[in-house]
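**Q** Structure in structure tokens, see below.
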Amino acid sequence: GVRNVVAECIGRLAAAAPGPVLPELESRLSHASPNVRSVVVHALRFTLTEEARRAVPPSTLHKFLGALGDEDLKVRRGALLTLNCIAHSRPATLRDPISGGELLPLLYGETAKRPELVHQVDLGPFKHFVDDGLELRKAAFECMDTLLSKPVVRERLQVSPLVAR
């Protein structure tokens, strides 16, 4: 959609000129609108796919990963996709957040099915259940798959809480 195109344009701009753009993106992580927060988180993902991805400091990456705790589903999904992108392009920067214990509980929390996100839709004589959290769970499991495939991060993962779910 339009927000995805905007996020890609902003992400490429941040890759071209990280100095002035990244602080502006960081300041919008706490914006009142979930659409703005979602675009900002997706923009970082596009920034990380560019050659200038090394210009994004680890402290900035950690602030963006804090969006995993956002109340909006779109923002959390964007944060998971960004985490997946970081795991692909810069896995070493995830060692500290994983070891520190602030990242894994948020990631593991997204793998659980939430009954409040499942609702029933009546289609005449038929009833259909729709799970609004499905895309979020898929992104979380994709992210776990990526993290488990990276030796730098895999040694620090605690898989037992995930298996216990």
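The values are calculated or read from the model by the stated rules, or taken from the named source; none is laboratory data. Note that this is a predicted model, so its numbers are computed, not measured. Methodologically, a virtual Cβ is constructed for each residue, glycine included, from the backbone with ideal geometry; neighbour enumeration extends over all protein chains shown. Side chains are part of the model used for accessible areas, which takes the heavy atoms of the whole protein and leaves out ligands, DNA and RNA. Shrake-Rupley method; radii C 1.70, N 1.55, O 1.52, S 1.80 Å.
**Q** In the set 98, 86, which member is touching a Ser or Thr at 6+ places or on another chain (Cβ under 7 Å), among the β-branched types (Val, Ile, Thr), closer than 17 Å to residue 144 by Cβ and surrounded by 15 or more Cβ atoms within 10 Å (Cβ to Cβ)?
**A** Numbers: 98 fails: touching a Ser or Thr at 6+ places or on another chain (Cβ under 7 Å).
Unique residue meeting the criteria: 86.
**Q** Kindly list the number of the only condition in (1) in a helix (DSSP H, G or I); (2) touching a Lys or Arg at 6+ places or on another chain (Cβ under 7 Å); (3) without any contact (Cβ under 8 Å) to a residue 40 or more places away in the chain; (4) open to solvent by 30 Å² or more (accessible area, probe 1.4 Å) that fails for residue 145.
**A** Unmet for residue 145, out of (1) in a helix (DSSP H, G or I); (2) touching a Lys or Arg at 6+ places or on another chain (Cβ under 7 Å); (3) without any contact (Cβ under 8 Å) to a residue 40 or more places away in the chain; (4) open to solvent by 30 Å² or more (accessible area, probe 1.4 Å): (2).
**Q** Which of the residues that make up the stretch 116-140 are exposed (fewer than 14 other Cβ atoms within 10 Å of the Cβ) and assigned to a helix (DSSP H, G or I)?
**A** The answer is 116, 134, 135.
**Q** Is it the case that residue 113 is assigned to a strand (DSSP E or B), among the basic types (Lys, Arg) and surrounded by fewer than 20 Cβ atoms within 10 Å (Cβ to Cβ)? Can you show your working first?
**A** Numbers: assigned to a strand (DSSP E or B): no; among the basic types (Lys, Arg): yes; surrounded by fewer than 20 Cβ atoms within 10 Å (Cβ to Cβ): yes.
It is false that residue 113 is assigned to a strand (DSSP E or B), among the basic types (Lys, Arg) and surrounded by fewer than 20 Cβ atoms within 10 Å (Cβ to Cβ).
**Q** Filter the stretch 152-161 down to residues that are assigned to a helix (DSSP H, G or I) and open to solvent by 80 Å² or more (accessible area, probe 1.4 Å), then give me how many there are. Steps first, answer last, please.
**A** The initial filter retains those residues of the stretch 152-161 that are assigned to a helix (DSSP H, G or I), namely 152-154, 160-161.
If we keep only those that are open to solvent by 80 Å² or more (accessible area, probe 1.4 Å) as well, we get 154, 160.
So the count comes out to 2.
**Q** With respect to residue 44, is the statement that it is without any contact (Cβ under 8 Å) to a residue 60 or more places away in the chain, closer than 18 Å to residue 92 by Cβ and either under 14 Å from the mean Cα position of the chain (by Cα) or open to solvent by less than 30 Å² (accessible area, probe 1.4 Å) (or both) true?
**A** Values: without any contact (Cβ under 8 Å) to a residue 60 or more places away in the chain: yes; closer than 18 Å to residue 92 by Cβ: yes; either under 14 Å from the mean Cα position of the chain (by Cα) or open to solvent by less than 30 Å² (accessible area, probe 1.4 Å) (or both): yes.
Yes: the conditions hold for residue 44.
**Q** Determine the pairs where a residue that is of a type in the set (Asp, Glu), located within the stretch 58-81, has a partner that is open to solvent by 40 Å² or more (accessible area, probe 1.4 Å) with Cβ atoms under 7 Å apart, the partner being 6 or more residues away or on another chain.
**A** Correct list of pairs: 72/34.
**Q** Moving on to the next point. Filter the stretch 91-133 down to the residues that are in contact with a His (Cβ under 9 Å, 6 or more places away or on another chain) and modelled with pLDDT of 90 or more, then identify the one that is nearest to residue 65 (Cα to Cα). Step through it out loud before you land on a result.
**A** Applying the first criterion (in contact with a His (Cβ under 9 Å, 6 or more places away or on another chain)) to the stretch 91-133 yields 93, 96-97, 102-103, 120-122, 129-132.
Keeping just the survivors that are modelled with pLDDT of 90 or more gives 120-122, 129-132.
Details: 120: 32, 121: 34, 122: 37, 129: 31, 130: 28, 131: 24, 132: 22 Å.
The extreme case among them is 132.
**Q** For residue 122, all conditions in the list (1) closer than 20 Å to residue 62 by Cβ; (2) over 17 Å from the mean Cα position of the chain (by Cα) hold save one; what is the number of the exception?
**A** Tallying (1) closer than 20 Å to residue 62 by Cβ; (2) over 17 Å from the mean Cα position of the chain (by Cα), residue 122 fails exactly one: (1).
**Q** Something else: Condition (residue is farther than 16 Å from residue 36 by Cα, modelled with pLDDT under 90 and not hydrophobic (A, V, I, L, M, F, W, C)) applied to the stretch 73-88: is it met by at least one residue?
**A** Scanning the stretch 73-88, I find at least one residue that is farther than 16 Å from residue 36 by Cα, modelled with pLDDT under 90 and not hydrophobic (A, V, I, L, M, F, W, C), so the answer is yes.
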